[in-house]
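This report concerns only the one structure given below.
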Amino acid sequence: MRILHLSHEGLPDWRIEKSAISASSRGHEVIFGGRTPINYNRKIFSKIYEISWTAKARLGIPFYWHSVKKQIEKIVREVKPDIVHAHNLFSAKMISEFELPFVYDDHEYWSTHSKLLTEMKTGKLIRESKMKQKNNFQNITLDLPKRIRRMLINYYAIRLWTNWEKELVSSSPTITVSDKIAEDLRVIGNTENVFVVPNFPMKFEVEGFEKPHFHSMLSSIYAGGDGHNKEKMPNRNIDSLTNMFNNSDIGKLTIIGWKEEPSANVNYTGFLSRQSMYNEMFRHSIGLIPWKNHWSHTYVSPNKAYEYPHAGLFVMCTSSFKTIQATLKENCATFHDYGNLESQLHYFKDNLEELYKKRVKIFEFAQSNLLWEHNEENILRAYQLC
């Protein structure tokens with residue numbers, strides 16, 4: 001079987017790649033179409049096609065939508081796929097206009113993700129307005145049409161993408177990342193054909209990992225590329241996190257994913273390959289998901305929550321992450337604010353033996369439970385329904 005993976009994003013994208021590996025390991029040919037890959041040299045796909053998506057195409061504006069459609073028509077004619085695995089909303093909506101069997105892989109839960117994007121853009125406009133001179137009435141007046149236009153576009157996007165998602169879920173097999181999102185999508189689409197494939201690591205990534213070593217000093221880690229984000233994401237707010245470590249006696253913090261000058265208790269590694277990331281994680285004791293409470297966390301299931309345990313890191317996350325708590329059970333601790341986090345880190349700093357036992361327990365739990373292969377059959381079940 002020939003499977004075409006479509007995305008409005010590019011490679012690398014580990015969820016797309018894991019889905020492709022699952023199919024390839026069963027003898028299927030996998031092809032990718034999406035944005036131009038950046039420094040991508042993995043030999044997963046038999047061929048990679050470039051598709052130029054634009055913001056206006058993602059809003060369904062006919063001229064721009066048709067421009068993308070022509071690109072995909074050409075790919076489809078050449079590939080002649082048996083099934084299309086459409087990653088996220090735009091690729092799924094686009095391929096629904098072709099007479100091809102496809103599954104919709106909803107990485108983001110777009111009806112809620114669009115609300116988050118709107119919140120981000122509104123916050124950006126507010127910050128830009130504050131930068132203008134407070135008493136400069138002319139600038140404020142000139143800025144008003146821009147703000148109204150952006151607000152109208154945002155509301156249009158929410159309505160459009162919510163309708164697209166309902167249409168897709170109700171008419172095609174759907175894959176998503178958590179039970180909570182799946183529950184919502186089954187109601188939205190009035191269907192049972194929604195399958196859960198969490199963002200767990202693949203077995204080959206983590207097999208052979210050694211049992212965690214005892215650490216005589218407390219150190220925590222945070223993995224995330226937030227430092228490179230051009231726009232602040234309100235659901236990933238970590239303001240004052242580094243200040244807390246620099247101003248309190250709670251051990252050291254290492255941040256994977258972006259590079260800055262280190263401070264007294266905070267170090268930055270920059271971008272690391274997945275193997276180097278795990279090697280770095282093994283040197284620490286606690287894996288943090290320190291995003292401050294936000295309404296969207298009910299639907300968020302970050303990869304790091306399931307990578308940390310395989311590296312022997314005890315997981316600490318904000319109390320709004322219900323999916324993480326449901327998945328890890330007693331193998332994680334929650335905090336409702338940074339004061340509460342600081343207090344718990346103080347405790348673990350003075351009780352390293354207890355922390356070590358928790359690290360061993362979560363490592364063993366991960367090795368038995370948090371593996372992509374435990375759920376990959378759901379991908380094949382979705383394919384069979386096409």
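The values are calculated or read from the model by the stated rules, or taken from the named source; none is laboratory data. Everything numeric in this text was worked out from a predicted model, so none of it was measured. Here the Cβ positions follow ideal geometry from the backbone for every residue, glycine too, while neighbour counts run over all protein chains shown.
Within the stretch 364-380, which residues are closer than 26 Å to Ser19 by Cβ and in a helix (DSSP H, G or I)?
Matches in the stretch 364-380: Phe365, Ala366, Gln367, Ser368, Asn369, Trp372, Glu373, His374, Glu377, Asn378, Ile379, Leu380.
Does Lys43 satisfy the criteria of being more than 22 Å from Glu376 (Cβ to Cβ) and either surrounded by fewer than 16 Cβ atoms within 10 Å (Cβ to Cβ) or over 22 Å from the mean Cα position of the chain (by Cα) (or both)?
no
Which numbered condition trips up Pro212, out of (1) at pLDDT 95 or above; (2) surrounded by 15 or more Cβ atoms within 10 Å (Cβ to Cβ); (3) within 24 Å of the chain's Cα centre (by Cα)?
(3)
Kindly indicate whether Cys317 is of a type outside the set (Asp, Glu) and buried (at least 23 other Cβ atoms within 10 Å of the Cβ).
Criteria met by Cys317.
Among strands (runs of 3 or more DSSP E) lying entirely in the stretch 237-316, which contain 1 or more residues that are at pLDDT 95 or above and touching a His at 6+ places or on another chain (Cβ under 7 Å)?
252-256
Just need a number here: residues in the stretch 229-264 that are touching a residue at least 60 places away in the same chain (Cβ under 8 Å) and over 15 Å from Gly287 (Cα atoms).
9
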